[in-house]
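So the structure is just underneath, and the comments pick up after that.
The values are calculated or read from the model by the stated rules, or taken from the named source; none is laboratory data. A quick note: this is a predicted structure, and the numbers were derived from the prediction, not measured. Note: ideal-geometry Cβ built from the backbone for every residue, glycine included; neighbour counts use all protein chains shown. In case anyone asks, the SASA skips ligands and DNA or RNA and just uses the protein heavy atoms, side chains included. Shrake-Rupley method; radii C 1.70, N 1.55, O 1.52, S 1.80 Å.
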Amino acid sequence: MYPYGTGMPYSSHPSTSEQPKVPFGVGWVSAPVKQIVSHSTPYPLPATQSNQQQQEQQFQQYPNTQHAGGVTSCPYPLTSAPYPGSTLYPINHAQSMPTNQHSQSQFNQHSNATYLAGYTPAMTSAYGYDSSNYHAQQQGRGNVQSFGHDQVQPQGYGHEHGHGYGYSHEHVQQSLNQRLTANKEGTPTLLPAQAFDPVKDAHDLRKAMKGFGTDEDKLIEIICRRNNEQRQEIQRQYKTHFGKDLIEDIKGETSGNFQKLLVGLLRPIVDYYCAELNDAMAGLGTDEEVLIEILCTLSNVEIHTIKNQYLRLFGAHLESELKSETSGNFKRLLISLCAAARDESGRVDPNKAKEDARELLKAGELRVGTDESMFNMILCQRNYQQLKLIFQEYESITGHSLEKAIKKEFSGDIMEGLIAIYKCVTNKAEYFASRLHKSMAGIGTNDKQLIRVIITRCEIDLADIKVAFERLYGKSLKSWIKGDTSGHYKHALYALVGEQRSS
């Protein structure tokens, strides 16, 4: 599901006039799994003579619900504006999308179905995706039309395929890849390799690890200079040509942090996030900082994707795991974020911002004790543009920032979580710069944290993070990496952060 993370250095959520951003960066690819419709599903089935009256009653009960083709597309009332391009309860795209954005509307429709119509994300190579055939295949594809609840179906595909209402894997894979060239937020340090040849890369990697010794420089040259989508294709070709798993060969030929970095790069980005969350909650104790870094910084679509894949990989619901591993106000904050129900419309309301700023003031500094639920509700529900307005109003009323108030009113993990949200709203690049600095400051290096931030941000906004890092700490990120790492591990990090190799 790589390359991961939706970098949002300026604003994590697009305005209604902008094109939706790509989840997890431009290399992210999702593949469908056959839909299984359960009799107990909470989502309504296509209209029939036997259930038509129930749907009419439901529409009367929830007048905000949209309908497409006579089928209810949302069984629940809308409590906030849906976010553009990835609506949980979509409207009729055929009526709302301009003609010149046809390919984008196709992706948006498929993106919706990915999370609510029984589809789970998976790595590209597992489904035999071949990027070289994409454009040729795309020319033979028909149009896409809205069909039923949160589903889009290619023309000519339906019950005769034996999967109920849905759409073919090939069509979904191609429609998703139309999104890969969409505009992305921030400035990455790792871009897709030009003149990409996955077969040659696979053979070069095999040659680098075959026989006595390992050519680590060749591993860095290929793995650290291809984006995630390309790395997944290299893995598929490697297994096809040599009958061996590339990750297992890497593990056998490398060690230490260099091995951890390469293996992390070779995993689909969503799988990588899921593994990081699982590791943070496994065993004795919980690494709350990892939970905060991931859940407080991602978009609704990304969180939904992670939840689906987490269940698929570990057989447990992420929300249930969070409930069992955390407690108190911090648990409630994480559960709110895990619900991924933030308004992402990008719309702002100055009057509402003033009202929310006053509510935050009354819930914190103007009372004995703190009403944590009010902070939770506002910071987890409002869109980022609206939150910026709320923060400005709060500062104009009190003369100091909301961050200062949070530090005064809260402590521990709940404080860190709320501050993470505040920093991501105001300047996400600075937030991740602080995470990189913390991983290398003091005695020793938190290599796991350093690797995670660089892997998840290098294809999104790591160039912006580098600029913020030098502005905040007076030295370049490269100089810090040079002082805290060594050997091939250091040179691999250089490649990912867009720096030239040095002695």
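Miscellaneous remarks
- 15 Å beta-carbon shell around residue 258, net charge (K/R +1, D/E -1): -2
- When 206, 332, 226 are compared by accessible area at a 1.4 angstrom probe, the order from most to least is 332, 206, 226.
- When each of 354/404; 218/482; 331/423; 307/438; 354/438; 423/475 is checked by Cα-Cα distance, pairs over 25 Å: 307/438; 354/438
- Cα gyration tensor category, rounded, prolate or oblate, for region 370-503 with a/c compared to 1.5: prolate
- Calculated on C-alpha atoms, the gyration radius of region 201-357 divided by its Kirkwood radius gives an Rg/Rh of 1.10.
- Average silhouette area of region 458-503, convex hull of alpha-carbon atoms, in square nanometres: 3.1 nm²
- Other-chain or far-sequence residues with amide H under 5 Å of residue 344's (modelled H): 83
- Working from Cα pairs under 8 Å separated by at least six residues, relative contact order for region 266-356 is 28 percent.
- The translational diffusion coefficient of region 187-277, from Stokes-Einstein at 20 °C and 1.002 mPa s with a Kirkwood hydrodynamic radius over alpha carbon pairs, comes to 160 µm²/s.
- Hydrodynamic analysis of region 249-315 uses the Kirkwood radius over alpha carbon pairs. Inserted into Stokes-Einstein at 37 °C and 0.692 mPa s, it gives a translational diffusion coefficient of 251 µm²/s.
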